[in-house]
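Just so it is clear, none of the values below were taken in a lab; they were calculated from the coordinates. Owing to the predicted nature of the structure, the values given are computational and were not obtained by experimental measurement. Positions of Cβ are generated from backbone atoms using ideal geometry, with glycine treated the same way; all protein chains shown enter the neighbour counts.
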């Protein structure tokens, strides 16, 4: 494999210590050494999520699997759920919820904009609602929404606040306890710089109550959190075989996060973003979301009319060994998605990208 | 991590080339190099399953996730399914099927015995049945069932044959096309000696028809095979981010299987089993399943009445760095489960285990 600089929507490049951790000898999933690693990993995840939630673990699947773990456990057929849709991933949640038999009320927003709390409040007030689902950091548009305000709205109306923090976790503040987020999922391959394959999740007291109050078991056994938590908890009841080596990698990635500290890590992502925006401006390029709602780690760059967007991406890939992302859904052909995630949120990376882009654009 | 000799029910020890493959630099999940690796991986999986099925892929989760991928896609609410239960894993399938709203007819067999086709035929004949589910290699009891005969029975009654080959694949013949198995799932951490985290599956024409004929989409989006197959197929439609590094590991493991050849690999497992059985006999120990229905790679050893089974397992672990498995469910405290899977199906491994066991038993 020829190494690439991964500046797409994820995965990001993994540091050597994470890759080396993956290659450690596999242990049994009930081995005392491994169980100790899982304990430390849960502690590190709690610090990362800024939470004291006991049920803070890594689901054995990718970020979408984390979304499914939360929704399939917290929502039952007939439940009303308000879903904020301002990009691909809100739409994905709405689709899954419909499959689970939920009554879905979608609140649509222009792609590239953050979620507007006003229509959300109207939707919540209309009828008794089990949960509000929103995407904190929309990977398809680069928009950052106000998770604290949306969680407060949900609670005003007696609804659970469920947040997709796949792209935000580790790159911008995700303050689960302070913002009173009831259930949050993320992925490993974005700002944690760990390969894809695991989904960190955390559930607070109201979410645990929702698990306990289910009228019937969820339609999944693999993701049944009532069973999964007894494997991660002190009982260590066998459920499924944990992805041992992936968890080694996550533990190594979380160690790096802990050593750096969250505040410096957030600042590093912001600084890289600011440097990128300045450099893009010099090339006459702009970011789609409005100032104040821009994700530092995922930059949706508006493609100029006179540019063949595919040629630029292929040129970056073949001549510069840099991967960036294409637009998805409504934004296909309209934006490039430039990720500066985890290890890649560094000035030298930004400069390398800007130089390559300038060359490809002939500017 | 201190390395252990993993002679439990899986994971087994991974060869160095597999572990090193995991540590290769992460690529984007749509990178041409990675897509090429996925192509080769599908070809290798087809050889391993002895099938020409186009839809032969690795699901992004562990073996249980593979079970769920098949059942949640092939079975709908109201469908009648006959489930053979001769150990933990048949019971798990029955539980999941009930959650999916299926009408489950369980055919129970004594744990440690293979599935008896006679009562299965009676159950199939009783009513129109969508599918027969059985476990080819019961990891909880060490019993091998006759997959070919059971598949033929299913087809006689117009039912799909769905087989759990988690523990058998790569260690004993699993001849998907010759036996006309409609849908099969497996795991990576048994006879393939790849870390846990992926579930190889294959679906034949009748299973694909069942996907097409669904009355409603499955209650999972992550495991929706109609979407997943368009990511693995030539369209390469984004669905979820593949677990890139785990797939590197699987590709490396499958390369070793290809280089060894399946027939020699099956023979190696059988020879290791025969050596173990002889050695156990010298220690006065017996295997639970009857001759002819014994899995070579998973040996349920009957615990003598005068032995403290926990002490022996802890002694093996702490003094000899060997992990073996405890009994599950009905067999808790009655058997040890000794795995000789993949890399560990070798005479020197058997001899090391027998010497350690003799020491712990004081025989």
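What nm distance separates the two modelled labels at residue A:47 and residue A:213, each placed 7 Å from Cα along Cα→Cβ?
About 3.5 nm, to one decimal.
Just the number, please: percent antiparallel of the DSSP beta bridges in chain B, rounded to the nearest 5.
Counting only bridges with both partners in chain B, antiparallel ones make up about 50 percent.
Arrange the peptides B:306-316, A:198-208, B:26-36 so that the one whose residues have, on average, the most other Cβ atoms within 10 Å appears first.
Ranked by mean Cβ neighbours within 10 Å, highest first: A:198-208, B:26-36, B:306-316.
Let me know the volume per residue of the alpha-carbon convex hull for segment B:112-208, in Å³.
It is 95 Å³ per residue.
Sort A:274-280, A:178-184 for me by packing, meaning the mean count of neighbouring Cβ atoms within 10 Å per residue, highest on top.
Listed from highest to lowest mean packing, they are A:178-184, A:274-280.
First measure r as the distance between the Cβ atoms of residue B:127 and residue B:178, then evaluate 1/(1 + (r/R0)^6) with R0 = 35 Å and state the FRET efficiency to the nearest 0.05.
Plugging the Cβ-Cβ distance into 1/(1 + (r/R0)^6) gives 0.75.
Compute the semi-axes of the equivalent ellipsoid of segment A:16-258, taking the square root of 5 times each eigenvalue of the Cα gyration tensor, and list them largest first in whole Å.
Value: 30, 20, 15 Å, ordered largest first.
At q = 0.15, 0.17, 0.19 Å⁻¹, work out log10 I(q)/I(0) for segment B:1-111 with the Debye formula, treating every Cα as an identical point scatterer and leaving solvent out; two decimals please.
-0.96, -1.08, -1.15
Please arrange A:51, A:139 by how many other C-beta atoms lie within 10 Å of their C-beta, fewest to most.
Listed from fewest to most nearby Cβ atoms, that is A:51, A:139.
When Cβ neighbours within 10 Å are restricted to other protein chains, what is their mean count per residue of peptide B:323-336?
Per residue, the number of nearby Cβ atoms from other chains is 1 on average.
I need the peptides B:334-343, B:350-359 ranked by packing, meaning the mean over residues of other C-beta atoms within 10 angstrom, with the highest value on top.
B:334-343, B:350-359
Could I have the simple spin-label model distance between residue B:346 and residue A:346, label points 7 Å from Cα toward Cβ, reported in nm to one decimal?
Taking the two extended label points, one gets 3.9 nm.
Please express the Cα-Cα pair-distance distribution P(r) of segment A:155-311 as a list of whole percents, one per 5 Å bin, running from 0 to the bin with the greatest distance.
Per 5 Å bin, starting at zero, the Cα-Cα P(r) for segment A:155-311 comes out as 2, 7, 12, 15, 16, 15, 11, 9, 6, 4, 2, 1, 0 percent.
May I ask you to sort B:106, B:220 by Cβ crowding, counting other Cβ atoms within 10 Å and putting the fewest first?
The fewest-first ordering by Cβ neighbours comes to B:106, B:220.
Calculate the FRET efficiency for residue A:358 and residue A:308 from the Cβ-Cβ distance with a Förster distance of 22 Å, rounded to the nearest 0.05.
Once rounded, the FRET efficiency stands at 0.85.
Over the Cα atoms of the protein assembly as shown, what radius of gyration and what Dmax do you get, in Å?
25.7, 83
What whole number of Å gives the distance from the Cα centroid of segment A:81-153 to the Cα centroid of segment B:200-273?
Taking the Cα centre of each part, segment B:200-273 and segment A:81-153 sit 33 Å apart.
In nm, to one decimal, how far is the modelled label at residue A:259 from the one at residue B:103, with both set 7 Å along Cα→Cβ?
6.1
How big is Rg to Rh over segment B:194-267, alpha-carbon atoms, Rh as the Kirkwood inverse-mean-distance radius?
Using Cα coordinates only, the ratio equals 1.05.
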